[in-house]
Structure formats: C-alpha cells, structure tokens
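One structure is given below, encoded as structure tokens.
Every number here is computed from the coordinates shown, using simple stated rules; none is lab data. Note that the structure is a prediction, hence the values are computed from the model and not measured. Cβ coordinates were reconstructed from backbone atoms using ideal geometry, including for glycine residues, and neighbour counts include every protein chain displayed.
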Amino acid sequence: MSDVIVAPETRDLAELAVRLERWLQGRLPEATGIAVTDLAYPRGAGQSHETVLFDAHWTEGGSARQQGCVVRIKPRAFTVFPDNLFDEQYAIMKLMADEGLVRVARPLWFEEDPAILGNSFFVMERKRGRVPVSIPPYAREGWLHDATPDQRRTLWRSAVEQLAAIQRVPVDRASFLGGAGAASRGLAQEWDKYQRFTAWLEEVAPQPVLRDALARLEGAWPVHDPEGIVWGDARIGNMMFDDDFQVVAVMDWEQPSLGGALHDLAWFCTLSETMHGRSSTHGAYLEGMGTREETIALWEEVSGKSAAGLEWYEEFTHFKMTCTGVRLGQLRGTAMMDEAAMRRRLKVA
C-alpha cells in the first residue's frame with residue numbers, strides 16, 4: 001500500500017495565488033489590482049481537507065482593501081469519512097454566522113466549478129488567534145500549558161458556552177442537514193451514519209469488533225434523545241482563542257448533522273478527559289480546566305437542555321473515534337490499534 005495518500009494533497013502555492021486572483025476578479029467585479037499574498041498551509045491543519053491561508057488585496061471605490069482569507073478545497077482522494085458533506089459544511093457555518101450565537105469564521109464565497117482548483121472549494125474570513133494543538137499535546141507544552149489556572153478557567157468557560165450555544169440555534173433552520181427516511185434527524189441519523197461507516201470500513205477488511213460494539217450499544221439504547229445540531233468534532237483543539245482566552249472561532253464543521261444535542265457534549269467531555277483531565281493519557285492535568293461534572297452543569301445552564309444519559313453517548317463517542325482511527329489506519333497502511341485494545345476501548349468481549 002505504498003501508493004496510499006497519507007495526507008490531504010498540497011500544491012504549488014504560487015500557482016494557486018494566480019488562480020485565486022483570476023477567480024476573485026469574478027467575485028469582486030468592482031475591484032482593481034487584485035493580489036493574493038502570503039499563502040501558507042496552517043500548522044496543525046486537519047487531515048481531511050486541503051486548507052490554505054492567504055491575504056487578498058484590492059482597490060475599490062478609490063480605497064485600498066484587504067481581507068484575510070482561508071480557502072478549503074474538497075478532497076479528491078484522501079477521504080476520511082464516507083459521507084460527502086462539503087456543501088453542508090459551508091451552509092452550517094453560514095447559518096451559525098447569520099444566527100450570531102456561535103462565533104465562526106464567516107463564509108464569503110462558495111465555488112462549485114472543479115475546473116478552477118481541481119474540485120469545489122469555499123473561501124471564508126481568516127480569524128486571528130491561538131489554537132490548542134494536539135501535536136505536541138497542548139497539555140504538555142505551549143501557550144495553554146504555560147497559562148495560569150485562572151486563564152485556563154476563562155478558556156474552559158468560554159469554550160463550553162460556545163459549545164452549548166450551538167444548541168440554541170433552531171434545528172429547523174438547519175433542515176439541509178437532514179438525513180434520509182427514518183434517519184432524517186435525531187439519534188437515528190447519527191446511528192445510521194456510523195452503521196454505514198462500519199460497512200464502508202468492511203469494504204477493505206472485516207470489522208468484527210465494530211460489529212460487536214454496535215450490537216452492545218444498540219442493546220443499551222438511550223431513552224433521552226434531545227434534538228439538536230451536531231458540530232461533529234467538538235473539542236477545544238477545534239476552537240481559536242484570543243489573548244484574553246475567549247473563543248474567537250469554532251472551527252472544522254466537516255461532519256454536521258441533526259443527530260441530537262448530546263453528541264457534541266459527549267465528544268467534548270471524552271476528549272477533554274483524554275487530553276487534559278485528571279486521567280489524561282497525555283501525561284498532564286491542567287489545573288483550572290473544568291471537570292466533567294462542571295462542564296455538564298454549565299452546558300445545561302447555557303443550552304437549556306438536559307444531559308441525562310450522557311454516559312451512553314460517551315461510549316458512542318469512543319465507537320466513532322475508533323471508526324475514524326480504523327479508517328486512518330487503512331489510508332496509512334498500518335493498524336492504529338490492535339484488536340485487543342479496540343475491544344477494551346469499546347467494552348466488548
């Protein structure tokens with residue numbers, strides 16, 4: 001499997017600048033002297049989309065203009081997830097920006113024509129701030145590790161408030177995220193997605209552990225299934241913060257759905273415990289970051305929804321993460337986790 005692509009494709013940035021300048025002329029018909037500068041791949045960018053930062057400069061109405069931008073290009077070969085939700089990613093970010101409850105980078109333009117950059121893409125405004133990165137783990141080194149407990153407390157509160165604010169956006173405003181048939185929304189939609197994810201993985205190799213885990217989870221089906229929008233990768237590593245430790249932007253809306261309010265909270269709690277909690281696997285507890293219980297209480301207060309039965313959703317989170325890990329292993333040609341470890345993680349014999 002030496003020919004497997006192990007990261008989103010990259011390209012000649014000078015050529016990309018020329019292509020973007022030509023394209024922007026059509027989007028800014030009154031502009032003259034359009035120039036695209038300072039192109040760069042962001043540090044710690046995700047593994048599923050090619051993402052490039054740039055600055056756009058032009059003159060319009062006799063005044064010089066500048067806009068910091070980010071272009072995200074739909075992947076052609078490196079596909080981590082079975083569902084193509086590229087259009088929906090743009091739409092949910094636009095909805096969040098329009099609603100004004102959740103801080104996101106405002107989407108600026110969407111382009112369907114694949115002839116321009118090789119596939120469809122969209123451009124959004126560039127936000128400025130700091131992101132708690134996973135490599136190296138933010139709990140071991142870096143700006144959050146070096147922060148005071150009070151600063152971390154501010155960051156944690158701002159992050160949870162933004163997480164909860166997603167649940168204040170009316171589900172009916174995001175009908176474009178609905179699934180098909182009986183899996184149109186709610187837990188049924190997320191469950192259908194990961195049943196199909198498992199089947200997709202099995203096109204490469206059998207997945208008996210995942211099948212056993214699905215059966216165990218289905219046998220303990222939760223009673224509480226509050227409606228809500230799913231962000232999809234809810235963690236502070238997908239948030240940008242300013243110098244006052246306040247959220248500047250909630251990022252990476254690659255797998256949104258109408259799957260219900262508790263999926264993001266479960267994902268957030270699970271990743272928080274893993275990355276910086278008292279039982280952190282990354283070897284550091286960050287004083288000042290809220291506990292699981294404090295996170296749940298604040299989320300319930302801001303969202304106005306109950307987190308009853310969250311434990312099942314946390315176990316489902318482990319299943320989802322395992323599916324992604326298996327897929328990345330397939331793309332890299334090496335197992336991310338052995339079968340025994342998978343069984344322990346997913347609590348199957």
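Using the Cα atoms as the points, what is the convex hull volume per residue of region 155-312 in Å³? Working shown, then result.
Values: hull volume 22.1 nm³, N = 158.
That works out to 140 Å³ per residue.
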*Inter-label distance for GLN25 and ALA340, nm, one decimal - labels placed 7 Å from Cα along Cα-to-Cβ*: 6.4
*Most fluctuating residue of ASP172, ASP244, ASP55 in a GNM of the chain with Cα springs under 10 Å: which is it?*
ASP244
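Would region 1-155 count as rounded, prolate or oblate if I go by the C-alpha gyration tensor, calling it rounded below 1.5 in a/c and otherwise prolate when a/b exceeds b/c, oblate otherwise? Mind dumping the intermediate values first?
On the way: a/c = 1.70, a/b = 1.24, b/c = 1.37.
Oblate, since a/c reaches 1.5 and b/c is not below a/b.
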*asked:* Please check: in the Gaussian network model of the chain (C-alpha springs, under 10 Å), which one of ALA249, ALA308, ALA105 has the largest mean-square fluctuation.
replied: ALA308
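What is the extension gain from ARG76 to SER279, computed as 0.36 nm multiplied by their sequence separation minus the C-alpha to C-alpha distance, in nm to one decimal?
Details: separation 203, 0.36 × 203 = 73.08 nm, distance 3.84 nm.
Gain on stretching ARG76 to SER279: 69.2 nm.
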*Each label point is 7 Å from the Cα along the Cα-to-Cβ direction; what then is the distance between the points at VAL204 and ARG292, in nm?*
3.0
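What does the convex hull of the alpha-carbon atoms of the chain project to on average, in nm²? Display every interim value, and only then the final one.
On the way: hull surface 75.0 nm².
Value for the chain: 18.7 nm².
Once fully extended, how much extra length lies between LEU101 and ALA14, figured as 0.36 nm per residue of separation less the alpha-carbon to alpha-carbon distance? Don't skip to the end; give the middle numbers.
Values: separation 87, 0.36 × 87 = 31.32 nm, distance 3.72 nm.
Contour length minus the Cα-Cα distance gives 27.6 nm.
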*Given charges at beta-carbon only (K, R positive; D, E negative), |dipole| of region 149-346 in Debye*: 420
*For the chain, modelled as a Gaussian network with Cα springs under 10 Å, which listed residue fluctuates most, GLN66, GLN151, GLN255?*
GLN66
*Once phi is turned into ³J(HN,Hα) by the Karplus curve 6.51 cos²θ - 1.76 cosθ + 1.60 with θ = phi - 60°, what whole-Hz value does each residue of region 309-322 show in order, with x for glycine and proline?*
x, 4, 4, 4, 5, 5, 5, 5, 4, 4, 5, 4, 5, 5
*Which ³J(HN,Hα) values in Hz, rounded to whole numbers, follow from the phi angles of region 191-206 under the Karplus curve 6.51 cos²θ - 1.76 cosθ + 1.60, where θ = phi - 60° and Gly and Pro get x?*
5, 4, 4, 7, 5, 5, 4, 4, 4, 5, 5, 6, 5, 9, 7, x
*Cleavage-rule hits (chymotrypsin sites (Phe, Trp or Tyr not before Pro)) in region 105-190: DSSP loop, at most 16 neighbouring Cβ within 10 angstrom*: TRP143
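May I ask you to sort ILE73, ILE116, ILE296 by Cβ crowding, counting other Cβ atoms within 10 Å and putting the fewest first? Each step should come with its number before you reach the end.
Details: ILE73 23, ILE116 16, ILE296 20.
In increasing order of surrounding Cβ atoms, one gets ILE116, ILE296, ILE73.
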*asked:* Run the helix sum for the chain: -39,500 (n - 2.57) per DSSP H stretch of 4+ residues, divided by residue count, reported at 222 nm to the nearest 500 deg cm²/dmol.
replied: -12000 deg cm²/dmol
